[in-house]
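Worksheet: the structure to be examined is printed underneath.
The values are calculated or read from the model by the stated rules, or taken from the named source; none is laboratory data. Computed from a predicted structure; not experimentally measured. Cβ placement follows ideal geometry from the backbone for every residue including glycine, while neighbour counts extend to all protein chains displayed. Just so you know, the surface numbers come from the protein's heavy atoms only, side chains and all, with ligands and any DNA or RNA stripped out. Shrake-Rupley method; radii C 1.70, N 1.55, O 1.52, S 1.80 Å.
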Amino acid sequence: MAAESLARVVVAIAFAIGLAVIVGNPRVRRWEERFGLTVLAASGFPFLLLGLAFSRFNILSLSVLTDLTPAYEFGLGWIGFLVGTQLDVRRLDRLPRTLLPVIAAAAIPPILFAAVACSLVLIGFGVMQGDGLVRDVLILTACASVSAPANLRLLLQGCRKETHDLVLEVTRIDQLVALAILGFVAVTFRPDSTIVLWDVSRSGWFLITLGLGSILGWLVYILVRGAANRAEEATLVMGGVAIAAGVAGYLALSVAVVCALAGATLINFPLKRRDRLIESLRALERPLYLLFLFILGTTWRPEEWQGWVLGIVFALSRGYGKLIGARMAIRIKSSDLPSAERFALSILPESVVAIVVIFTLATHGTSLPAAPVRWAINAVIVGSVLTEIVVQMLQRRYRRALQREAIALGGSLP
């Protein structure tokens, strides 16, 4: 690489990292929460545009992204590790026994609706390759299953604290569902044997994934249990995540899944400073997410109309699936949940994990992604934006309805 090109790449990456750190500041997050905005609509979409611009001006090429593989694998591992820490068996034991059916009811319909709708669209576009079609559809269903909480202070106003906790738990566990699908894809659809020299069956790769994640989680536990302060603890965790991400990447396994297993293993050991550890992990989640959006933008091809059609179908099928799932969940546990419409709206925004999942598809291989992969990337981007627009519109409508009700009762909306 020429010295001038190298300088441009370094400046571009440094600019993106600096901007991600600024936007990831807790003050910015509080401002977004105050106005009921999620990351993608408030500050994430500009990072997509920035990555797209850098790609079009040939500042960041695919060869440069290939050289950055260890860096973004570490980021994938960090977020996967954080998601894995949500599988705390002690916390789950304190939750209602009907939580699992509620989570299943909320997650399965979006998966099924998105799978059928996106498969029909891709087949209509002439995508008939068996394995490639199944893999892309599975990735899209994983993105459809995850959700992030909307403005719960508004939507769950007047509900009990148990209702808030239950809705938050649904949004946490369905992220694990998405990673489970991603792990299945990584084990089932293996790369060429020249990339990974190990000749292992699919069941063998499954056992390797489980064993690797568990062993690395145990290793991180040994390292952090004797940490003297927060800085030492964070450093040791970063080292453990780097090892896990490096080994998983070398074996062509899903980095996020292996690190999630490590995080789940760690969090179920007796840790004295569990809350502090999770807080340290969350400190880097938002900047890493924004950088993923930035790199994802370099592979985005918004001029391909097929991606927009697939995105609209993805958003509609996912949204309708969430509504059907909410109605099913109400029938299972009506006492601790709001109305089906409010429950569906509460879990409608897409989670950070959706970007992590589609990011693994975007960076698969060293050449320009195939057309169906680019359409799938566009579908998740377009679907996220459309979903956020709908969420904001419905939240404003619900707020106005509450205001009219408060005025009619002679009061005001707090």
With respect to Gln175, is the statement that it is polar (S, T, N, Q), under 18 Å from Ser351 (Cα atoms) and open to solvent by 10 Å² or more (accessible area, probe 1.4 Å) true? yes
Could you go through region 317-330 and let me know if any residue there is in a helix (DSSP H, G or I), of a type outside the set (Gly, Ala, Ser) and over 21 Å from Ile173 (Cα atoms). no
The condition from (1) open to solvent by less than 60 Å² (accessible area, probe 1.4 Å); (2) touching a residue at least 24 places away in the same chain (Cβ under 8 Å); (3) over 27 Å from Ile358 (Cβ atoms) that His164 misses is numbered (2)
Quick one: in region 369-414, which of the residues that are open to solvent by 40 Å² or more (accessible area, probe 1.4 Å) and of a type in the set (Ser, Thr, Tyr) is modelled with the highest pLDDT? Tyr398
Suppose we keep only residues that are in a helix (DSSP H, G or I) and touching a Phe, Trp or Tyr at 6+ places or on another chain (Cβ under 9 Å) within region 127-140. Which one would you say is modelled with the lowest pLDDT? Asp131
Across region 225-259, the tally of residues that are within 22 Å of Ser201 (Cα to Cα) and not in a helix (DSSP H, G or I) stands at 4
Against the conditions (1) out of contact with any Ser or Thr (no Cβ under 9 Å at 6 or more places or on another chain); (2) closer than 29 Å to Ile381 by Cβ, where does Val258 fall short? Just the number, please. (1)
Check on Leu49, surrounded by 17 or more Cβ atoms within 10 Å (Cβ to Cβ), assigned to a helix (DSSP H, G or I) and under 21 Å from the mean Cα position of the chain (by Cα): no
Return a yes/no flag: does region 321-333 have any residue that is open to solvent by 20 Å² or more (accessible area, probe 1.4 Å) and touching a Leu at 6+ places or on another chain (Cβ under 6 Å). yes
In region 213-233, the residues that are surrounded by 19 or more Cβ atoms within 10 Å (Cβ to Cβ) and within 22 Å of Val353 (Cβ to Cβ): Gly213, Leu216, Gly217, Val220
May I ask you to verify whether Gly297 is under 11 Å from Val380 (Cα atoms), of a type in the set (Gly, Ala, Ser) and in a helix (DSSP H, G or I)? no
Do we have any residue at all in region 2-16 that's within 24 Å of Val167 (Cβ to Cβ), surrounded by 19 or more Cβ atoms within 10 Å (Cβ to Cβ) and modelled with pLDDT of 75 or more? no
Would you be able to tell me the number of residues in region 95-126 that are open to solvent by 50 Å² or more (accessible area, probe 1.4 Å), modelled with pLDDT under 80 and in a helix (DSSP H, G or I)? 1
Within region 285-320, which residues are crowded, with 18+ Cβ neighbours inside 10 Å and aliphatic (A, V, I, L, M)? Leu288, Leu290, Leu291, Leu293, Ile295, Leu296, Leu310, Val313, Ala315
What are the residues in region 342-358 that are polar (S, T, N, Q) and in a loop (DSSP other than H, G, I, E, B), if any? Ser351
Top-ranked residue of region 68-94 - restricted to ones that are open to solvent by less than 40 Å² (accessible area, probe 1.4 Å) and not in a helix (DSSP H, G or I), ranked as modelled with the lowest pLDDT: Asp88
